[in-house]
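**Q** Right, I'll just put the structure down here and ask away after.
No lab work stands behind these numbers, since they all come straight from the coordinates. In this text the structure is predicted, and so the values were computed from the model without any measurement. Cβ placement follows ideal geometry from the backbone for every residue including glycine, while neighbour counts extend to all protein chains displayed.
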Amino acid sequence: MIEIGTKAPDFTLNDKNGNKVSLSDFLGKKVVLYFYPKDNTLGCTKQACAFAENYKGFQELNAQVIGISKDSVNSHLKFAEKFNLPFVLLSDPDLEAIKAYDVWQEKKMCGKVSMGVVRTTFIIDEKGNIEKIMPKVKPDTNASEILEYLNK
């Protein structure tokens, strides 16, 4: 279980271009790390587009936005191109980071129970520690809530 104030689990995953990216690459910056279920679905598209619309604000605050799902590198590339997403999208098909951040959980939908990614956002401070955890966020307001928090 991840707790505020603890060291954020490091990971190395491929981005939408197949390049290796590690969380530790961003030490010295705030990181907005958000986990989402699937590219090109309604909620995930709303959330990604909201981050894209607010991206300049994150840059002004020296905050790096990183989205992670279990989708493939190719899926991320198409998703980013289709919606002009300027931030880092990482592919986690083996659930390495997803499980390390404890967002792979049982979900219930229409009476069916299955395992999946629970939409969750973590704010990681410049030293690599968990500063804030936002579980079960709303896709359309998540980015603006984070900006508001970072601007305090």
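**Q** When all C-alpha to C-alpha distances in the stretch 49-137 are sorted into bins of 10 Å, what percent of pairs does each bin hold, rounded to whole numbers?
**A** 14, 41, 37, 7, 0
**Q** Gaussian network model of the chain, Cα springs within a sub-10 Å range: biggest mean-square fluctuation belongs to which of Asp94, Asp39, Asp71?
**A** Asp94
**Q** If I take every Cα pair under 8 Å that is 6 or more residues apart in the chain, average their sequence separation and divide by the length, what percent do I get for the relative contact order?
**A** Taking the mean separation of contacting Cα pairs over the length of the chain, I get 33 percent.
**Q** Which lysines have a Cα less than 22 Å from the Cα of Lys30, not counting those fewer than 8 places away in the same chain?
**A** Lys7, Lys16, Lys20, Lys56, Lys99, Lys127, Lys132, Lys136, Lys138, Lys152
**Q** Read phi for every residue in the stretch 62-69 and hand back ³J(HN,Hα) as whole Hz from Karplus 6.51 cos²θ - 1.76 cosθ + 1.60, θ = phi - 60°, with x for Gly and Pro.
**A** Values, residue by residue: 6, 10, 9, 8, 9, x, 10, 9 Hz.
**Q** Further, regarding this structure: Enumerate the amide H contacts of Lys107 below 5 Å, restricted to partners 5 or more residues apart or on another chain; note that Pro and chain-start residues carry no placed amide H.
**A** Ser114, Met115, Gly116
**Q** Can you say what percent of the DSSP beta bridges in the chain, counting only those with both residues inside, are antiparallel? Round to 5.
**A** About 70 percent, rounded to the nearest 5.
**Q** What value, in deg cm²/dmol to 500, does the helix sum -39500 (n - 2.57) over DSSP H runs of n ≥ 4 give at 222 nm once divided by the residues of the chain?
**A** Value at 222 nm, helices only, nearest 500: -8000 deg cm²/dmol.
**Q** Cβ under 10 Å from Thr45's Cβ, Thr45 left aside: what net charge do those residues give with Lys, Arg +1 and Asp, Glu -1?
**A** Result for the neighbourhood of Thr45: +2.
**Q** Please list the helices of the chain that count as membrane-span-like by this rule: a mean Kyte-Doolittle hydropathy of at least 0.0 together with Cα atoms stretching 27 Å or more along the helix axis, each helix being a complete DSSP H run.
**A** None pass (Cα extent of 27 Å or more, hydropathy at least 0.0).
**Q** How far is it, in nm, from the label point at Leu42 to the one at Cys110 when both lie 7 Å from their Cα along the line to the Cβ?
**A** 1.2 nm
**Q** How large is the charge dipole for the chain, taken about the Cα centre, if only the Cβ atoms of Lys, Arg (+1) and Asp, Glu (-1) carry charge, to the nearest 20 debye?
**A** 400 debye
**Q** Please identify, among Asn84, Asn40, Asn129, the residue showing maximal mean-square fluctuation in a Gaussian network model of the chain using a 10 angstrom Cα cutoff.
**A** Ranking Asn84, Asn40, Asn129 by mean-square fluctuation puts Asn84 first.
**Q** Something else: Where the centroid of each part is defined by its Cα atoms, how far is the stretch 32-57 from the stretch 65-123 in Å?
**A** Each part reduced to its Cα centre gives a spacing of 10 Å.
**Q** Additional query: Within 15 Å, Cβ to Cβ, of Ala97, how many net charges do the neighbouring residues add up to if Lys/Arg are +1 and Asp/Glu are -1?
**A** -3
**Q** Under 14 Å from the Cβ of Glu126, count the other residues' Cβ atoms, weight Lys and Arg +1, Asp and Glu -1, and hand me the total.
**A** Taking every Cβ under 14 Å from that of Glu126, the sum is +2.
**Q** Taking amide H atoms as placed 1.01 Å from N in the peptide plane, list the residues 5 or more away in sequence, or in a different chain, whose amide H sits under 5 Å from that of Val88.
**A** Val65, Gly67
**Q** With springs only between Cα atoms under 10 Å, which of Leu95, Leu42, Leu27 fluctuates most in a Gaussian network model of the chain?
**A** Highest fluctuation among the options: Leu42.
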